[in-house]
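Dropping a structure here in structure tokens format, bear with me for questions.
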Protein chains: 2
Amino acid sequence: MTDQLLAAAERFALTLSQYGLQRMTARVMAALLFTQQPTMTAGEISEQLGVSSGAMSGALKTLISLGMIEKVPAPGSRREHFRFRDGAWATLMSQQNAVLALMTDAADDGIEVAGEQTPAGRRLEEMRDFYGYMLREMPGLIDRWQRTRNP
Amino acid sequence: MTDQLLAAAERFALTLSQYGLQRMTARVMAALLFTQQPTMTAGEISEQLGVSSGAMSGALKTLISLGMIEKVPAPGSRREHFRFRDGAWATLMSQQNAVLALMTDAADDGIEVAGEQTPAGRRLEEMRDFYGYMLREMPGLIDRWQRTRNP
DNA sequence: CTGAAGTTTCAGAGATCCGTGAACATTCGG
DNA sequence: CCGAATGTTCACGGATCTCTGAAACTTCAG
């Protein structure tokens, strides 16, 4: 693993962490994305990043729950191996749908309290309509991408 | 403004802040979204939320730069009035395109360093392809929504 | 069954982030 | 112009979040 590749990985992690992802989670994701090995063990990652095994455990758990990485059934001797999942990015984007649904619901709640024919009600209706639209359209969009991959 | 509406606003702000938005920014956004007035002044918002004017200034600046709210040219007497912008949500979603572009670029960088015919290169190609696809599709998606609004 | 390697959990230290409050700047009515 | 009302900036302190380190737990080879 060249220094240049390591540097690119860290740069990427830094960017991600500016967009809401925890720093350690971003670094671990980057490590698994940029490594030339097919998989890495928790120990390898924590050594490469120079962080404790405790931090590893947390970050790996998060990434698994996000559907970005997966445990690999240990080929032979050692312990847990991890790898970046095929289709991880599409999975990540799909999970945004939950957020869209949340926004739609929040708007509905607000409309109920505010009343439809009020300033707040009208504002909330625009919000509900927009997120409702996105919620209907996104799954198809992602689906179409997946179909171009696996025809 | 009923207590019930205020409560719904705070609940909404809390949700937003769990998804990356700063707490204060989320609360101010919620106040302007849920108010029954057409506009609010900075003073009105900070009083309603019980926070300092300093915090207001920062939050309002952020929301303006995000394209979520706008200054209203002061109808008559007082100072700055603010209101939630028409089409704010679509604007917000459009700004995500910058993130998509960033991800695409990061992948390109990585591929250049890693080489195409390597494990890292192939992983990064999937990433580049996915974000490239989203980047091409999103503007049209949002455009179509805007066209249904203003035919 | 035993012990070593690996992993998870968690309390607390350290770092980071955010809002306050006050000083400074700006704007507009008079 | 002047000055009162409003807006902005920023250093500081408190709140929050994150990582470490160590102890407990798990798993597996022998």
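Under 22 Å from the Cα of B:LYS71, which lysines turn up, not counting those fewer than eight places away in the same chain?
B:LYS61
Work the Kirkwood hydrodynamic radius out for the protein assembly as shown: mean of 1/r over every pair of different alpha-carbon atoms, inverted, in Å.
Across the protein assembly as shown, the inverse of the average 1/r is 21.5 Å.
Per-residue ellipticity at 222 nm for chain B, helices alone: DSSP H runs ≥ 4 residues times -39500 (n - 2.57), over residue total, nearest 500 deg cm²/dmol?
Mean residue ellipticity, 222 nm, calculated: -24000 deg cm²/dmol.
Residue by residue through B:111-122, how many Cβ atoms from other chains fall within 10 Å of the Cβ on average?
4
Rank by packing, highest mean first: peptides B:83-90, A:24-31, with packing defined as the count of other Cβ atoms within 10 Å averaged across residues.
For the peptides B:83-90, A:24-31, the packing ranking is A:24-31, B:83-90.
Just need the relative contact order of the stretch A:3-84 here, percent rounded to a whole number, with Cα pairs under 8 Å and 6+ apart.
Here the relative contact order equals 28 percent.
Taking Cα pairs under 8 Å and at least six residues apart, what relative contact order does chain A come out at, in percent?
Over chain A, the number comes to 15 percent.
Right, another one. Which value, in debye to the nearest 20, describes the size of the charge dipole of the protein assembly as shown about its Cα centre when Lys and Arg Cβ atoms bear +1, Asp and Glu Cβ atoms bear -1, and nothing else is charged?
For this selection, approximately 100 debye.
Could you tell me which residue in chain B puts its beta carbon nearest the axis mapping B onto A, with the distance rounded to whole Å?
B:GLY20, 2
Here's a follow-up. I'd like the distance separating the alpha-carbon centroids of the stretch A:14-42 and the stretch B:81-132, in whole Å.
16 Å
Still on this structure, I have one more. Considering the dipole of the stretch A:59-151 built from charges on the beta carbon (Lys and Arg +1, Asp and Glu -1) around the Cα centre, which of A:ASN97, A:SER65, A:LEU141 is farthest to its positive end?
Of the listed residues, the answer is A:SER65.
What does the charge dipole of chain B about its Cα centre add up to, to the nearest 20 debye, if the Cβ of each Lys and Arg holds +1 and the Cβ of each Asp and Glu holds -1?
Value, rounded to 20: 640 debye.
To continue, here is another question. How large is the direction-averaged shadow of the alpha-carbon convex hull of the stretch A:4-89, in nm²?
The orientation-averaged projected area of the Cα hull of the stretch A:4-89 comes to 5.5 nm².
Considering only the label points, 7 Å along Cα→Cβ from Cα, what distances in nm to one decimal separate A:GLY54 from the same position in each other copy, shortest first?
List, nearest first: 3.4 nm.
Provide a whole-number value for the mean count of partner chain Cβ atoms within 10 Å of the Cβ atoms in peptide B:123-131.
Across the residues of B:123-131, the mean count of other-chain Cβ atoms within 10 Å is 5.
Check B:VAL72: other-chain or 5+ apart residues with amide H under 5 Å from its amide H, H built from backbone geometry?
So B:VAL72 has HN proximity to B:HIS81, B:PHE82, B:ARG83.
If you wrap a convex hull around the alpha carbons of the stretch B:51-151, what volume per residue comes out, as a whole number of Å³?
Here the figure is 136 Å³ per residue.
Applying 1/(1 + (r/R0)^6) with R0 = 22 Å to the Cβ-Cβ distance of A:LEU66 and B:GLU137, what FRET efficiency is obtained, to the nearest 0.05?
0.50
Throughout, read-outs are computed from the coordinates displayed, never taken from laboratory work. Quantities reported herein were computed from a predicted structural model and do not represent experimental measurements. Reconstructed Cβ throughout: ideal geometry from the backbone, glycine too, with neighbour counts over all protein chains shown.
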